[in-house]
Amino acid sequence: MTQPKTVTVIDNATGKQIELPIYQGTHGPDVVDIGKFYKELGYFTYDPGYVSTASCRSNITFIDGDNGTLLYRGYPIDQLAEKSTFVEVAYLQLYGELPTRKQFKDFEYIMRHHSMINESLKGFFDGFYHDAHPMAILVGVVGSLSAFYHDSTDIHNPEHREIAAHRMIAKMPTIAAASYKHSVGEPFVYPRNDLSYCGNLLNMMFSVPSEPYEIDPIAERALDMIFILHVDHEQNASTSTVRLSGSSGANPFACVSSGITALWGPAHGGANEAVLNMLNQIGDVSNIPKYLEKARDKNDPFRLMGFGHRVYKNYDPRARIIRDMCHEVLAKFGDANDPFFELALRLEEIALKEDYFIERKLYPNVDFYSGIIYRALKIPTNMFTVMFAIARTVGWVAQWMEMISDPEQRIGRPRQLYTGAAQRDYVDIKKRK
Ligand code: ACO
């Protein structure tokens, strides 16, 4: 029998020695259990940004950043993107296995039949100013779902958890499309049960009551594929936010709403919107060297948006799939010579030859090319991160469900290194200057 692996930590100040267990996962680095570190040695551990810290055990998604591998429940992302559908991948991530034909049919039925939102919820949209950012609307409306669906907020009841998960995944396109319609002053379009998940989203966004709207199968498939790529990405900032909120026992709608807020930031899901703004700013291939110079300059806040990743130190496999898809989508809808696509390709080519990017292993990430496809599909820039949120809802709810049923789950409560003022006595205001 092999001995369990451990690591020995010696405190040089006191000579005290402790042995910490090492756990092995299916793939990826082993993990040292530091749970007793403070109790035994009296120290906290320090890891800003969680660079070396595993916050949980998870069976859902695996990333190998050095080799550019992404697996959902063990299945490589390129196989799923090519052969599966978003709804099937949602089932896979929620339940752990690919569905049987019957399970798939039932799940699709559920997704279609949970897509309507409560009629009174529609009134919420009118409360937002017409130029509100759709992400702001999404945060508010998703959070408010908990006020409507009391029958699915008992987090200790597995059936409630499942219904809440289904509701959020199914209703997200309806809420997203409604936030878009509100911003352009057009009437809301109800979901239709005869349409696919992405077909429905396109119809709710772009159809108007006054004329027929035809869903283009290439647009539908392109959106479905982008959504598959965005479903989950293990313990990223928004997912960790959902888990942390959920660890306090908050209801799932509130937790997902908190995930949306974390996703909104330009260092995370907001990057797809920021990439298009950046390409617009660069404007022309001749300006690329100037902007690369700005990206290298430590005193300049400019960063190459859509470049770099905490985990991938190799080409993001999702970026490769999206880049290939750009050709097909642009040939059908946009200008096959879309200047933004040309600019993005040249920017990537030039950046990847520069020492700065090579040394730091900075490659295009999923958001570098996704905006170009969204643009070709006529999705406005401020809706890009909303698109991301629709797909990522699957990951958030799958991770939340896993967390709730994990026997090791406790409230998430990080510690800190306090560097503020030492204890001191209050000075009466009359005695101050
Ligand atoms: N442009 C220029 N330099 C960069 C970039 C970039 N996009 N990304 C990282 N660097 C540099 C940093 O300045 C740093 O340089 P230094 O070692 O000389 O100080 C080094 O590369 C490491 O960068 P960190 O910021 O420490 O890496 P971290 O893992 O904390 O950040 C992040 C990762 C946030 C994604 C970062 O690369 C970034 O800001 N990228 C642009 C925003 C973006 O595209 N975000 C989307 C991520 S994917 C997603 O969320 C879906």
Looking only at residues in segment 316-329 that are in contact (Cβ under 8 Å) with a residue 60 or more places away in the chain and within 13 Å of the ligand (Cβ to nearest atom), which one is nearest to Val51 (Cα to Cα)?
Asp316
Could you tell me which numbered condition Lys430 fails, if it satisfies all but one of (1) modelled with pLDDT of 95 or more; (2) open to solvent by less than 100 Å² (accessible area, probe 1.4 Å)?
(2)
Scan segment 153-165 and give yes if some residue there is out of contact with any helix residue (DSSP H, G or I) (no Cβ under 7 Å at 6 or more places or on another chain), closer than 27 Å to Met225 by Cα and in a loop (DSSP other than H, G, I, E, B), otherwise no.
no
Specify which of the listed residues (Gly259, Gly269) is more than 10 Å from the ligand (Cβ to nearest atom), touching a helix residue (DSSP H, G or I) at 6+ places or on another chain (Cβ under 7 Å) and either open to solvent by less than 20 Å² (accessible area, probe 1.4 Å) or part of a loop (DSSP other than H, G, I, E, B) (or both).
Gly259
Identify, from the list Asn287, Asn251, Asn277, the residue that is more than 14 Å from the ligand (Cβ to nearest atom), under 18 Å from Phe340 (Cβ atoms) and open to solvent by 20 Å² or more (accessible area, probe 1.4 Å).
Asn287
Residue within segment 192-212 that is farther than 19 Å from Tyr109 by Cβ, open to solvent by 60 Å² or more (accessible area, probe 1.4 Å) and either outside any loop (DSSP other than H, G, I, E, B) or of a type in the set (A, V, I, L, M, F, W, C) (or both) present
yes
Residue by residue through segment 1-31, note down the ones that are of a type in the set (Val, Ile, Thr), open to solvent by 60 Å² or more (accessible area, probe 1.4 Å) and under 25 Å from Ala237 (Cβ atoms).
Thr26
Condition met for Phe104 (free of Cβ contacts under 8 Å to residues at least 60 places away in the same chain, surrounded by fewer than 17 Cβ atoms within 10 Å (Cβ to Cβ), assigned to a helix (DSSP H, G or I) and hydrophobic (A, V, I, L, M, F, W, C)):
yes
Taking segment 141-156 and keeping residues open to solvent by 30 Å² or more (accessible area, probe 1.4 Å) and either in contact with a Ser or Thr (Cβ under 8 Å, 6 or more places away or on another chain) or at pLDDT 95 or above (or both) leaves Phe148, Thr153
Test Val256 against the stated conditions and say whether it is touching an Asp or Glu at 6+ places or on another chain (Cβ under 9 Å) and either closer than 18 Å to Val386 by Cβ or not aromatic (Phe, Trp, Tyr) (or both).
no
Residues of segment 295-315 being within 10 Å of the ligand (Cβ to nearest atom) and open to solvent by less than 60 Å² (accessible area, probe 1.4 Å), which ones?
Ala295, Asp300, Phe302, Leu304, Met305, Gly306, Phe307, Gly308, His309, Val311, Tyr312
Unmet requirement for Asn236, which otherwise passes all of (1) within 13 Å of the ligand (Cβ to nearest atom); (2) at pLDDT below 95:
(2)
Cross-chain or 6+ apart pairs with Cβ under 7 Å, segment 69-81 first and buried (at least 16 other Cβ atoms within 10 Å of the Cβ), then part of a loop (DSSP other than H, G, I, E, B) and not small (Gly, Ala, Ser):
Tyr72/Val231; Tyr72/Asp232; Arg73/Ile60
For segment 355-378, what are the residues that are crowded, with 24+ Cβ neighbours inside 10 Å, part of a helix (DSSP H, G or I) and near the ligand (Cβ under 10 Å from one of its atoms)?
Asp367, Phe368, Ser370
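The values are calculated or read from the model by the stated rules, or taken from the named source; none is laboratory data. Here the structure is a predicted model, which means the values were calculated and not measured. Backbone-built Cβ (ideal geometry, glycine too); neighbour counts: all protein chains shown. When the accessible area is computed, the model is the full protein with side chains, heavy atoms only, and any ligands, DNA or RNA have been set aside. Shrake-Rupley method; radii C 1.70, N 1.55, O 1.52, S 1.80 Å.
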